[in-house]
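Participant: Encoded as C-alpha coordinates, here's the structure I'll be asking about.
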Amino acid sequence: MGKVGIWMYQNGGGDRIEQKLVSLLEDLGHEVITGINLRHAVAESGKMIWNEMDLYELDCFFSYNAGEQTRYQVYLYGVLDRHVPCINNYQAFSISEDKFQTNDMLRAAGVPTPDYFLCHREDVERIRAKVMEWGKAVFKTVDGWGGMGMALVDSKDKLDMILPFLNQTDLRFFYIEKFIDYDGSDYRIDLVDGEFVACYGRKAKEGDWRTNVTSGGSVILRECEPEVIELAKKAAKAIGIEIAGVDIIYDRAHERYIVLEVNGIPAFATPEQEAMGLDFNDKKIEKIVRLIDRKVKEKR
Ligand SMILES: Nc1ncnc2c1ncn2[C@@H]1O[C@H](COP(=O)(O)OP(=O)(O)O)[C@@H](O)[C@H]1O
Ligand SMILES: [Mg+2]
(Lines give C-alpha, C1' and ligand atoms only; values in the text may rest on other atoms or scores of the structure.)
(Ligands and ions follow the chains in the order given, each with its own letter.)
Protein backbone atom coordinates (compact mmCIF):
# COMPACT_ATOMS: atom_id res chain seq x y z
CA MET A 1 0.00 0.00 0.00
CA GLY A 2 1.25 3.48 0.78
CA LYS A 3 4.21 5.18 2.40
CA VAL A 4 3.22 7.18 5.47
CA GLY A 5 5.51 9.65 7.24
CA ILE A 6 4.96 10.68 10.85
CA TRP A 7 6.33 13.40 13.08
CA MET A 8 4.77 13.02 16.48
CA TYR A 9 5.46 14.43 19.91
CA GLN A 10 6.98 11.86 22.27
CA ASN A 11 6.38 13.34 25.72
CA GLY A 12 3.20 12.92 27.81
CA GLY A 13 2.54 9.46 26.39
CA GLY A 14 2.91 10.54 22.74
CA ASP A 15 5.43 7.74 22.11
CA ARG A 16 2.86 5.10 23.06
CA ILE A 17 0.19 6.71 20.89
CA GLU A 18 2.61 6.73 17.98
CA GLN A 19 3.33 3.02 18.41
CA LYS A 20 -0.38 2.26 18.23
CA LEU A 21 -0.80 4.41 15.11
CA VAL A 22 2.11 2.67 13.45
CA SER A 23 0.92 -0.82 14.20
CA LEU A 24 -2.64 -0.13 12.98
CA LEU A 25 -1.31 1.47 9.79
CA GLU A 26 1.00 -1.51 9.23
CA ASP A 27 -1.95 -3.86 9.70
CA LEU A 28 -3.53 -2.04 6.76
CA GLY A 29 -0.41 -2.75 4.72
CA HIS A 30 1.23 0.67 4.87
CA GLU A 31 4.92 1.32 5.28
CA VAL A 32 5.40 3.83 8.11
CA ILE A 33 8.41 6.06 8.69
CA THR A 34 8.49 7.91 12.03
CA GLY A 35 10.57 10.72 13.48
CA ILE A 36 10.41 12.89 10.36
CA ASN A 37 11.50 16.21 11.81
CA LEU A 38 11.66 18.60 8.85
CA ARG A 39 14.18 20.65 10.82
CA HIS A 40 16.72 18.11 9.55
CA ALA A 41 15.48 17.96 5.96
CA VAL A 42 17.05 19.76 3.02
CA ALA A 43 15.40 20.81 -0.22
CA GLU A 44 17.42 20.30 -3.36
CA SER A 45 16.49 20.57 -7.03
CA GLY A 46 12.99 19.12 -6.98
CA LYS A 47 13.43 16.92 -3.94
CA MET A 48 13.09 17.21 -0.21
CA ILE A 49 15.65 14.96 1.41
CA TRP A 50 15.42 13.66 4.95
CA ASN A 51 17.57 10.79 6.12
CA GLU A 52 18.51 9.95 2.51
CA MET A 53 14.89 9.67 1.57
CA ASP A 54 12.91 11.91 -0.80
CA LEU A 55 9.87 13.03 1.19
CA TYR A 56 7.99 13.86 -2.02
CA GLU A 57 7.60 10.09 -2.42
CA LEU A 58 5.43 9.86 0.67
CA ASP A 59 1.71 9.20 0.18
CA CYS A 60 0.77 11.01 3.38
CA PHE A 61 2.56 13.04 6.05
CA PHE A 62 1.13 13.22 9.56
CA SER A 63 2.58 16.20 11.45
CA TYR A 64 1.68 16.19 15.13
CA ASN A 65 4.29 17.89 17.21
CA ALA A 66 3.42 21.34 18.53
CA GLY A 67 6.24 21.56 21.03
CA GLU A 68 9.16 21.17 18.65
CA GLN A 69 8.03 23.30 15.73
CA THR A 70 10.73 25.58 14.37
CA ARG A 71 10.24 28.24 11.73
CA TYR A 72 12.29 26.22 9.28
CA GLN A 73 10.23 23.11 9.99
CA VAL A 74 6.98 24.99 9.39
CA TYR A 75 8.38 26.57 6.21
CA LEU A 76 9.18 23.17 4.73
CA TYR A 77 5.83 21.78 5.91
CA GLY A 78 4.13 24.36 3.67
CA VAL A 79 6.19 23.28 0.69
CA LEU A 80 5.83 19.55 1.34
CA ASP A 81 2.05 20.00 1.50
CA ARG A 82 2.02 20.89 -2.21
CA HIS A 83 3.49 17.50 -3.09
CA VAL A 84 2.10 15.18 -0.45
CA PRO A 85 -1.26 15.15 1.35
CA CYS A 86 -0.49 16.43 4.84
CA ILE A 87 -2.54 16.08 7.99
CA ASN A 88 -3.43 18.68 8.96
CA ASN A 89 -3.38 20.28 5.54
CA TYR A 90 -0.95 23.17 5.71
CA GLN A 91 -3.40 25.95 4.92
CA ALA A 92 -5.76 24.99 7.73
CA PHE A 93 -2.83 24.37 10.05
CA SER A 94 -1.45 27.86 9.49
CA ILE A 95 -4.84 29.50 9.98
CA SER A 96 -5.25 27.60 13.25
CA GLU A 97 -1.85 28.84 14.40
CA ASP A 98 -3.07 32.44 14.15
CA LYS A 99 -5.86 33.67 16.43
CA PHE A 100 -6.82 36.63 14.26
CA GLN A 101 -6.96 34.64 11.04
CA THR A 102 -8.97 31.93 12.76
CA ASN A 103 -11.51 34.39 14.12
CA ASP A 104 -11.70 36.10 10.75
CA MET A 105 -12.62 32.80 9.07
CA LEU A 106 -15.01 31.76 11.84
CA ARG A 107 -16.86 35.05 11.65
CA ALA A 108 -17.24 34.71 7.90
CA ALA A 109 -18.81 31.30 8.46
CA GLY A 110 -21.24 32.65 11.04
CA VAL A 111 -19.52 31.04 14.03
CA PRO A 112 -19.74 33.23 17.16
CA THR A 113 -16.32 34.34 18.47
CA PRO A 114 -15.26 37.15 20.78
CA ASP A 115 -15.46 40.56 19.07
CA TYR A 116 -11.95 41.42 17.93
CA PHE A 117 -9.96 44.35 16.63
CA LEU A 118 -6.65 44.50 14.81
CA CYS A 119 -4.71 47.53 13.70
CA HIS A 120 -1.21 48.79 12.99
CA ARG A 121 0.83 49.54 16.12
CA GLU A 122 0.91 53.24 15.28
CA ASP A 123 -2.90 53.49 15.30
CA VAL A 124 -2.84 53.83 19.09
CA GLU A 125 -5.87 56.09 19.20
CA ARG A 126 -8.01 53.46 17.56
CA ILE A 127 -6.92 50.84 20.07
CA ARG A 128 -7.58 53.28 22.87
CA ALA A 129 -11.09 54.01 21.61
CA LYS A 130 -11.87 50.32 21.21
CA VAL A 131 -10.71 49.38 24.70
CA MET A 132 -12.72 52.26 26.17
CA GLU A 133 -15.79 51.19 24.22
CA TRP A 134 -15.51 47.60 25.44
CA GLY A 135 -14.46 48.39 29.00
CA LYS A 136 -12.53 45.14 29.24
CA ALA A 137 -10.20 43.86 26.53
CA VAL A 138 -7.68 41.08 26.15
CA PHE A 139 -4.43 41.90 24.33
CA LYS A 140 -3.09 38.79 22.60
CA THR A 141 -0.22 37.82 20.40
CA VAL A 142 -1.86 36.12 17.43
CA ASP A 143 0.46 33.11 17.71
CA GLY A 144 0.58 32.71 21.49
CA TRP A 145 -0.25 29.51 23.34
CA GLY A 146 -0.82 28.21 26.83
CA GLY A 147 -2.43 31.45 27.96
CA MET A 148 0.90 33.25 27.63
CA GLY A 149 1.57 36.57 25.95
CA MET A 150 -1.86 37.88 26.95
CA ALA A 151 -2.92 40.81 29.08
CA LEU A 152 -6.31 41.75 30.45
CA VAL A 153 -6.87 45.51 30.26
CA ASP A 154 -9.84 46.84 32.21
CA SER A 155 -8.96 50.44 32.94
CA LYS A 156 -7.45 53.51 31.34
CA ASP A 157 -4.50 53.26 33.71
CA LYS A 158 -3.70 49.74 32.64
CA LEU A 159 -3.97 50.72 29.02
CA ASP A 160 -1.61 53.67 29.52
CA MET A 161 0.79 51.31 31.21
CA ILE A 162 0.74 48.61 28.59
CA LEU A 163 0.93 50.67 25.37
CA PRO A 164 4.49 52.02 25.82
CA PHE A 165 5.54 48.51 26.81
CA LEU A 166 4.00 47.01 23.68
CA ASN A 167 5.73 49.66 21.58
CA GLN A 168 9.05 48.30 22.80
CA THR A 169 8.29 44.90 21.33
CA ASP A 170 8.70 44.00 17.69
CA LEU A 171 4.97 43.50 17.18
CA ARG A 172 3.84 45.27 13.98
CA PHE A 173 0.19 45.24 14.96
CA PHE A 174 -2.02 44.91 17.98
CA TYR A 175 -4.72 42.31 18.29
CA ILE A 176 -7.35 42.64 20.99
CA GLU A 177 -10.52 40.78 21.89
CA LYS A 178 -13.49 41.90 23.88
CA PHE A 179 -13.40 40.19 27.26
CA ILE A 180 -16.13 37.56 27.53
CA ASP A 181 -17.93 37.20 30.84
CA TYR A 182 -17.82 33.46 31.48
CA ASP A 183 -17.71 31.14 34.49
CA GLY A 184 -13.99 30.30 34.34
CA SER A 185 -14.47 26.92 32.69
CA ASP A 186 -14.29 25.88 29.06
CA TYR A 187 -15.11 22.99 26.76
CA ARG A 188 -12.54 21.26 24.60
CA ILE A 189 -14.13 19.36 21.73
CA ASP A 190 -11.85 16.93 19.91
CA LEU A 191 -12.71 16.20 16.30
CA VAL A 192 -11.15 14.04 13.60
CA ASP A 193 -12.28 14.25 9.99
CA GLY A 194 -15.44 16.14 10.96
CA GLU A 195 -16.43 13.51 13.51
CA PHE A 196 -16.81 13.91 17.24
CA VAL A 197 -14.14 12.20 19.32
CA ALA A 198 -14.32 13.64 22.82
CA CYS A 199 -15.44 16.44 25.06
CA TYR A 200 -13.78 17.51 28.27
CA GLY A 201 -13.08 20.84 29.88
CA ARG A 202 -10.71 22.97 31.85
CA LYS A 203 -11.23 25.14 34.89
CA ALA A 204 -9.19 28.25 35.63
CA LYS A 205 -7.35 28.37 38.91
CA GLU A 206 -8.85 30.56 41.62
CA GLY A 207 -8.36 34.23 40.72
CA ASP A 208 -7.20 33.62 37.13
CA TRP A 209 -9.29 34.32 34.04
CA ARG A 210 -7.46 31.81 31.83
CA THR A 211 -8.33 28.13 31.73
CA ASN A 212 -5.00 26.91 30.34
CA VAL A 213 -3.29 24.11 32.23
CA THR A 214 0.01 25.96 31.67
CA SER A 215 -1.56 28.89 33.51
CA GLY A 216 -2.57 26.78 36.49
CA GLY A 217 -5.93 25.53 35.19
CA SER A 218 -7.05 21.94 35.65
CA VAL A 219 -8.66 19.41 33.36
CA ILE A 220 -12.22 18.44 34.22
CA LEU A 221 -14.49 15.70 32.94
CA ARG A 222 -17.59 17.15 31.42
CA GLU A 223 -20.47 16.12 29.25
CA CYS A 224 -21.57 18.49 26.56
CA GLU A 225 -24.76 19.26 24.76
CA PRO A 226 -25.22 18.48 21.07
CA GLU A 227 -25.30 22.25 20.48
CA VAL A 228 -21.67 22.55 21.64
CA ILE A 229 -20.55 19.66 19.42
CA GLU A 230 -22.34 21.14 16.42
CA LEU A 231 -20.67 24.48 17.03
CA ALA A 232 -17.24 22.81 17.18
CA LYS A 233 -17.90 20.95 13.94
CA LYS A 234 -18.96 24.17 12.24
CA ALA A 235 -15.74 25.86 13.42
CA ALA A 236 -13.49 23.05 12.15
CA LYS A 237 -15.29 23.07 8.84
CA ALA A 238 -14.95 26.84 8.54
CA ILE A 239 -11.18 26.62 8.54
CA GLY A 240 -11.06 23.33 6.65
CA ILE A 241 -9.08 21.48 9.29
CA GLU A 242 -9.05 17.68 9.58
CA ILE A 243 -7.94 17.29 13.19
CA ALA A 244 -9.09 19.90 15.67
CA GLY A 245 -9.45 20.67 19.34
CA VAL A 246 -12.05 23.42 19.53
CA ASP A 247 -12.17 25.59 22.66
CA ILE A 248 -15.60 26.88 23.60
CA ILE A 249 -16.90 29.00 26.48
CA TYR A 250 -20.35 30.11 27.50
CA ASP A 251 -20.89 33.85 27.18
CA ARG A 252 -23.08 34.74 30.15
CA ALA A 253 -23.97 38.23 28.91
CA HIS A 254 -25.30 37.02 25.57
CA GLU A 255 -26.33 33.55 26.78
CA ARG A 256 -24.65 31.65 24.01
CA TYR A 257 -21.63 29.48 23.36
CA ILE A 258 -18.71 31.02 21.57
CA VAL A 259 -15.57 29.58 20.01
CA LEU A 260 -12.33 30.88 21.49
CA GLU A 261 -9.90 29.03 19.31
CA VAL A 262 -9.24 26.00 17.14
CA ASN A 263 -6.15 24.00 18.04
CA GLY A 264 -4.60 22.07 15.16
CA ILE A 265 -2.52 19.75 17.31
CA PRO A 266 -4.72 18.94 20.30
CA ALA A 267 -2.90 16.57 22.63
CA PHE A 268 -4.04 13.06 23.33
CA ALA A 269 -4.94 12.36 26.96
CA THR A 270 -1.80 11.90 29.03
CA PRO A 271 -1.48 8.74 31.17
CA GLU A 272 -2.49 10.84 34.22
CA GLN A 273 -5.55 12.19 32.43
CA GLU A 274 -6.47 8.68 31.29
CA ALA A 275 -6.33 7.58 34.91
CA MET A 276 -8.78 10.42 35.65
CA GLY A 277 -11.25 8.99 33.16
CA LEU A 278 -10.42 10.67 29.85
CA ASP A 279 -10.72 7.60 27.69
CA PHE A 280 -10.84 8.89 24.12
CA ASN A 281 -7.34 8.00 22.92
CA ASP A 282 -8.15 4.71 21.19
CA LYS A 283 -11.14 6.20 19.42
CA LYS A 284 -9.04 9.11 18.23
CA ILE A 285 -6.22 6.84 17.04
CA GLU A 286 -8.69 4.73 15.09
CA LYS A 287 -10.20 7.76 13.37
CA ILE A 288 -6.79 9.17 12.49
CA VAL A 289 -5.74 5.82 11.01
CA ARG A 290 -8.88 5.79 8.89
CA LEU A 291 -8.21 9.35 7.75
CA ILE A 292 -4.60 8.60 6.80
CA ASP A 293 -5.66 5.43 4.98
CA ARG A 294 -8.19 7.41 2.97
CA LYS A 295 -5.68 10.13 2.04
CA VAL A 296 -3.24 7.47 0.82
CA LYS A 297 -5.92 5.78 -1.28
CA GLU A 298 -7.03 9.11 -2.76
CA LYS A 299 -3.47 9.85 -3.80
CA ARG A 300 -2.77 6.46 -5.42
N1 LIG B 1 -11.82 37.16 24.87
C2 LIG B 1 -11.70 36.46 26.01
N3 LIG B 1 -12.54 36.66 27.04
C4 LIG B 1 -12.41 35.95 28.20
N5 LIG B 1 -11.46 35.03 28.40
C6 LIG B 1 -10.58 34.78 27.40
C7 LIG B 1 -10.66 35.47 26.16
N8 LIG B 1 -9.67 35.03 25.36
C9 LIG B 1 -9.03 34.10 26.06
N10 LIG B 1 -9.56 33.93 27.30
C11 LIG B 1 -9.10 32.98 28.33
O12 LIG B 1 -7.71 32.79 28.13
C13 LIG B 1 -7.42 31.45 27.74
C14 LIG B 1 -6.35 31.40 26.66
O15 LIG B 1 -6.78 32.10 25.50
P16 LIG B 1 -6.62 31.50 24.05
O17 LIG B 1 -7.08 32.53 23.09
O18 LIG B 1 -7.25 30.16 23.98
O19 LIG B 1 -5.03 31.41 23.89
P20 LIG B 1 -3.99 30.20 24.08
O21 LIG B 1 -3.59 29.85 22.71
O22 LIG B 1 -2.90 30.82 24.87
O23 LIG B 1 -4.70 29.07 24.78
C24 LIG B 1 -8.75 30.88 27.27
O25 LIG B 1 -8.80 29.48 27.45
C26 LIG B 1 -9.74 31.61 28.17
O27 LIG B 1 -9.79 30.98 29.43
MG1 LIG C 1 -6.53 28.11 24.16
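The values are calculated or read from the model by the stated rules, or taken from the named source; none is laboratory data. Computed from a predicted structure; not experimentally measured. Note that we place each Cβ from the backbone using ideal geometry, even for glycine, and neighbour counts take in every protein chain shown.
Participant: So is PHE165 within 15 Å of ligand 1 (Cβ to nearest atom) and farther than 25 Å from SER63 by Cβ or not?
Facilitator: No.
Participant: Let me ask you something else. Hey, any hits in region 201-215 for a residue that's in contact (Cβ under 8 Å) with a residue 12 or more places away in the chain, away from ligand 2 (no atom under 16 Å from the Cβ), outside the structural domain of ASN11 (by TED's automatic domain parsing) and of a type outside the set (Gly, Ala, Ser)?
Facilitator: The answer is no; no qualifying residue exists.
Participant: Applying the selection to region 98-113, what residues are surrounded by fewer than 20 Cβ atoms within 10 Å (Cβ to Cβ) and part of a loop (DSSP other than H, G, I, E, B)?
Facilitator: ASP98, ALA109, GLY110, PRO112, listed by residue number.
Participant: What's the number of the condition ILE288 fails, among (1) within 16 Å of ligand 1 (Cβ to nearest atom); (2) aliphatic (A, V, I, L, M); (3) within 20 Å of ILE87 (Cα to Cα); (4) not in a strand (DSSP E or B)?
Facilitator: Status for ILE288: all satisfied but (1).
Participant: Still on this structure, please answer the following. Having 2 or more residues that are within 19 Å of the chain's Cα centre (by Cα) and more than 13 Å from ligand 1 (Cβ to nearest atom) is the bar; report the strands (runs of 3 or more DSSP E) wholly within region 171-274 that clear it.
Facilitator: Correct list: 185-192, 195-203, 243-251.
Participant: Tell me which residues, restricted to region 244-277, are within 16 Å of ligand 2 (Cβ to nearest atom), of a type in the set (A, V, I, L, M, F, W, C) and either more than 17 Å from SER63 (Cβ to Cβ) or in contact with a strand residue (DSSP E or B) (Cβ under 7 Å, 6 or more places away or on another chain) (or both).
Facilitator: ALA244, VAL246, ILE248, ILE249, ILE258, VAL259, LEU260, VAL262, ILE265
Participant: Picking from ASP183, ASP157, ASP190, ASP143, which residue would you name as being farther than 18 Å from ASP208 by Cβ and either in the same structural domain as THR214 (by TED's automatic domain parsing) or in contact with a strand residue (DSSP E or B) (Cβ under 9 Å, 6 or more places away or on another chain) (or both)?
Facilitator: Exactly one residue qualifies, and that residue is ASP190.
Participant: State whether one or more residues within region 152-163 are within 16 Å of ligand 2 (Cβ to nearest atom) and either under 19 Å from the mean Cα position of the chain (by Cα) or not in a helix (DSSP H, G or I) (or both).
Facilitator: Looking through region 152-163, at least one residue is within 16 Å of ligand 2 (Cβ to nearest atom) and either under 19 Å from the mean Cα position of the chain (by Cα) or not in a helix (DSSP H, G or I) (or both).
Participant: Check region 55-68 and report whether any residue there is touching a helix residue (DSSP H, G or I) at 6+ places or on another chain (Cβ under 9 Å), over 18 Å from ILE288 (Cα atoms) and either modelled with pLDDT of 95 or more or surrounded by 21 or more Cβ atoms within 10 Å (Cβ to Cβ) (or both).
Facilitator: There is at least one residue in region 55-68 that is touching a helix residue (DSSP H, G or I) at 6+ places or on another chain (Cβ under 9 Å), over 18 Å from ILE288 (Cα atoms) and either modelled with pLDDT of 95 or more or surrounded by 21 or more Cβ atoms within 10 Å (Cβ to Cβ) (or both).
Participant: Looking at this structure, is SER94 surrounded by fewer than 15 Cβ atoms within 10 Å (Cβ to Cβ) and free of Cβ contacts under 8 Å to residues at least 40 places away in the same chain?
Facilitator: Spelling it out, it is not the case that SER94 is surrounded by fewer than 15 Cβ atoms within 10 Å (Cβ to Cβ) and free of Cβ contacts under 8 Å to residues at least 40 places away in the same chain.
Participant: Return only the number of the condition from (1) part of a helix (DSSP H, G or I); (2) surrounded by fewer than 17 Cβ atoms within 10 Å (Cβ to Cβ) that TRP145 does not satisfy.
Facilitator: So the condition that TRP145 fails would be (1).
Participant: Right, another one. Do you know which residues across region 1-10 are surrounded by 16 or more Cβ atoms within 10 Å (Cβ to Cβ) and assigned to a loop (DSSP other than H, G, I, E, B)?
Facilitator: GLY2, TYR9 - these are the residues of region 1-10 that are surrounded by 16 or more Cβ atoms within 10 Å (Cβ to Cβ) and assigned to a loop (DSSP other than H, G, I, E, B).
Participant: Same structure, new question: Could you check region 71-94 and list, in sequence order, the residues that are within 16 Å of the chain's Cα centre (by Cα) and either among the basic types (Lys, Arg) or in a loop (DSSP other than H, G, I, E, B) (or both)?
Facilitator: ASN88, ASN89
For (1) in a strand (DSSP E or B); (2) touching a Phe, Trp or Tyr at 6+ places or on another chain (Cβ under 7 Å); (3) in contact (Cβ under 8 Å) with a residue 12 or more places away in the chain, each residue gets a yes or a no:
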site	(1), (2), (3)
GLY12	no, no, yes
GLU18	no, no, yes
LEU24	no, no, yes
GLY29	no, no, yes
ILE36	no, yes, yes
ALA43	yes, no, yes
ILE49	yes, no, no
